[in-house]
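Step one of this worksheet: look at the structure below.
The values are calculated or read from the model by the stated rules, or taken from the named source; none is laboratory data. These figures come from a predicted structure and were not determined experimentally. When we count neighbours, we look across all protein chains shown, and the Cβ atoms used for this are built from the backbone with ideal geometry, even at glycine.
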């Protein structure tokens, strides 16, 4: 009966209840969208970093990354590579040589990091070929081809098929110079990386640096199950104790910071939204209680005890939240899913986004974490919002309440 | 009448309202007894203290001093929550402005107090039907209060008051908002219930038509019993 009374009470002031329910719907809708948008941005950022920079796991000589010395290669990289390729947990592997050097054109010179790559491996790990915006990429029958970014090309004032000269050390510490023909120009969403990296075939670099056949500076790999990255990395660390095995989180600790920072922001935002909703709901419920003083007085006069009156008001409040919440949730999930499909184009801000390594298309994401956060928040909100009006209701004295017109 | 059970016993009750700037002495020593089966009107000009007396008898308000026994229970000994439970089982209320629960049907309104008492469904249905028929609204069970006339609503209120089989029914100016036909009808019903079922009724009223039908008239003035006439 209490449930029935509470439910019907909501529909006594249909407009008023609908307005509050509407505010709950819009609040949750907007919140879900915003959280989804942020989540999408983080995911975008992380996946960009993983795709372009860190992969899931990388293996190096333990001190290679402090100085990028050519001689610090892993002689058994070929063996490790073969073992990884056979491992079911591994999706793709790329073996690389990394050479610091100076890239010069007729106009100017620039410090770069030359990555000696197997183009097919690279395609499966970093989808390098997809990022080429001019040219065909490496031709099988030609030597000394290089891929540079649009930015580097502009800076060096060179074009596709121009010649550039790369100066670097070989494995013996001798300065070596080689001329490369630009076989392609690429572009990623990360400005800093674009200015830094140029790519050439691993065979050319091996020959020029005189690094033996099986050797490589870097092995990058993608795992099949992203969630098990840490676990898999641990097993690799045990297997190859002589080398440094790092996950993307270890390579790029800012990812974790960024992630937790955004998570805190999401919680703050949820709290702000819910606070706004709480006051809206309290306001309405207080109105509902105050205009029903006489009725509440009567209920208490005929023997409804305070606990029941309290529960009735709480139920009314919770009903309002519970009607609004699923609608808002569905709208929010729907909107997010739809926008995830079509993507939100932020190309107007693409320059700024590139500075942060984000691509201009954001795909909002709702995950179960977001949904749980919001569900919990709504329940807490509804309960908190109901307490004050319910307390107000049970503080009424029946005689005084009955006297009110 | 002397052999009947005493339902309400009021002994030297004083009530002073101190919330106001000047304390108001609403009751100054009222003593009276109401016995089972009486049909009593408490009358008096406004401000005489009759509503205060009714509230105190009904356990809605507490006296400043004095003793109230209802069905042998000293109301001053009960905590607020116990008092609510006591009202639920011992006292039926009929209010001036009906005060039905607007979101419930007539039947549900009558059923409500029994529900609070956890009376079984079957018993509730039977009692509700009996009472609705007794007040002549057997065909209006499923109407909401807003679909009933004032007289009909007040009859539902009477049925509700009787539902828990209280020791007595307190009615605060029950006819004040009714036209004469509804008033006559309501009084017929109440006196029939009084005579046939021996239900005790206590009214406060201004209404001469109610006073005429009452078998006992207690007049209150300035917070004291001025006269107590049994017809």
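Does residue A:236 satisfy being more than 21 Å from the chain's Cα centre (by Cα), within 22 Å of residue A:74 (Cα to Cα) and either surrounded by 20 or more Cβ atoms within 10 Å (Cβ to Cβ) or in contact (Cβ under 8 Å) with a residue 12 or more places away in the chain (or both)? Yes, satisfied. For the stretch B:176-191, a residue qualifies if it is under 15 Å from residue B:208 (Cβ atoms) and either at pLDDT below 90 or surrounded by fewer than 16 Cβ atoms within 10 Å (Cβ to Cβ) (or both), and the qualifying residues are B:176, B:178, B:179, B:180, B:184.
When residue B:174 is tested against (1) away from chain A (no Cβ under 13 Å); (2) in contact (Cβ under 8 Å) with a residue 24 or more places away in the chain; (3) over 30 Å from residue B:9 (Cα atoms), only condition (3) is not met.
Checked against the criteria, residue B:104 counts as within 14 Å of another protein chain (Cβ to nearest Cβ) and outside any helix (DSSP H, G or I). Among the residues examined, residue A:272 does not qualify as more than 30 Å from residue A:56 (Cβ to Cβ), within 14 Å of chain B (Cβ to nearest Cβ) and at pLDDT 90 or above. What's the number of the condition residue B:130 fails, among (1) within 14 Å of another protein chain (Cβ to nearest Cβ); (2) without any contact (Cβ under 8 Å) to a residue 12 or more places away in the chain; (3) within 12 Å of residue B:163 (Cα to Cα)? Condition (1) is where residue B:130 drops out. Applying the criterion of being over 19 Å from the mean Cα position of the chain (by Cα) and more than 9 Å from every other protein chain (Cβ to nearest Cβ) to the residues of the stretch B:107-118, the residue that is nearest to residue B:202 (Cα to Cα) is B:107. Please work out if residue A:30 is outside any strand (DSSP E or B), within 14 Å of chain B (Cβ to nearest Cβ) and more than 30 Å from residue A:165 (Cβ to Cβ). Taking the combined requirement at face value, the residue does not satisfy it.
Restricted to strands (runs of 3 or more DSSP E) entirely inside the stretch B:19-97, those with at least 2 residues that are modelled with pLDDT of 90 or more and more than 9 Å from every other protein chain (Cβ to nearest Cβ) are B:24-35, B:39-43, B:65-70.
A single member of A:299, A:322 is over 17 Å from residue A:367 (Cα atoms), away from chain B (no Cβ under 12 Å) and modelled with pLDDT under 90, and it is A:322.
Got at least one residue in the stretch A:306-313 being away from every other protein chain (no Cβ under 14 Å), part of a helix (DSSP H, G or I), modelled with pLDDT of 90 or more and surrounded by fewer than 23 Cβ atoms within 10 Å (Cβ to Cβ)? Within the stretch A:306-313 (the criterion being away from every other protein chain (no Cβ under 14 Å), part of a helix (DSSP H, G or I), modelled with pLDDT of 90 or more and surrounded by fewer than 23 Cβ atoms within 10 Å (Cβ to Cβ)), the answer is no, since none of the residues qualifies.
Summed over the stretch B:40-53, the residues that are surrounded by fewer than 21 Cβ atoms within 10 Å (Cβ to Cβ) and either within 18 Å of residue B:229 (Cβ to Cβ) or touching a strand residue (DSSP E or B) at 6+ places or on another chain (Cβ under 9 Å) (or both) give a count of 2. Whenever a residue of the stretch A:1-16 is more than 9 Å from chain B (Cβ to nearest Cβ) and farther than 28 Å from residue B:120 by Cα, its partners that are at pLDDT 85 or above and exposed (fewer than 15 other Cβ atoms within 10 Å of the Cβ), lying with C-beta atoms within less than 8 angstrom and at least six residues away or across chains, give the pairs A:16/A:287. Total residues in the stretch B:65-84 satisfying the condition of being free of Cβ contacts under 8 Å to residues at least 12 places away in the same chain and touching a helix residue (DSSP H, G or I) at 6+ places or on another chain (Cβ under 9 Å): the figure is 3. The residues of the stretch B:54-67 that are surrounded by 15 or more Cβ atoms within 10 Å (Cβ to Cβ) and at negative phi, listed by number, are B:54, B:55, B:56, B:57, B:58, B:60, B:61, B:62, B:63, B:64, B:67.
Got at least one residue in the stretch A:383-403 being crowded, with 20+ Cβ neighbours inside 10 Å and part of a loop (DSSP other than H, G, I, E, B)? Within the stretch A:383-403 (the criterion being crowded, with 20+ Cβ neighbours inside 10 Å and part of a loop (DSSP other than H, G, I, E, B)), the answer is yes, since at least one residue qualifies.
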